[in-house]
Amino acid sequence: MIVASPGELRESLQALLATLPRVGQVLVANDGAGALSAIERNCPELLVVDGDIPASNAHRLLERAKQECPESRFLVLVDSTAQLNEAESAGADRAVLKGYPASQLLRTASELINRPDAS
């Protein structure tokens, strides 16, 4: 699942994630509330969050999603190292700076999906 505003970033992420072998449908949500509503019905293997959603929304989303879906992995795309540290302290499995090369982003997503449970 991708949590990001409609636009180029979300569409690019959706196309990129759809190329992964274990990924079926790539769900999208515009914000944290939409994502929480969706995960109540179905826990995604991977949740990719645009760090530009309001910080309180992102933190609440990560906390609630971890409670609802402890098996899910969380990847947050951020604009700065400060946001990177905040995302990781909020429970993201990985946080990467936007502009990360697509091939590395794909590899990171694949590693998260295929990673055995750490809990």
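Each value in this text was obtained by applying a stated rule to the coordinates, not by laboratory testing. Keep in mind it's a predicted model, so treat the numbers as computed, not measured. For neighbour counting, all protein chains shown are included, and Cβ atoms are generated from backbone atoms with ideal geometry for every residue, glycine included.
Remarks
- Three-way shape call for the chain based on the alpha-carbon gyration tensor, with the a/c threshold at 1.5: rounded
- For V26, no residue 5 or more places off, or on another chain, has a built amide H under 5 Å of its own.
- Distance between the pseudo-spin-label points of E71 and S89 (7 Å out from Cα toward the beta carbon): 3.2 nm.
- Inter-label distance for C43 and E11, nm, one decimal - labels placed 7 Å from Cα along Cα-to-Cβ: 3.4
- Result for the chain in a Gaussian network model with C-alpha springs under 10 Å: among V49, V26, V78, the largest mean-square fluctuation is at V26.
- Using a simple spin-label model with pseudo-atoms 7 Å out from Cα toward Cβ, L106 and Q25 lie 2.4 nm apart.
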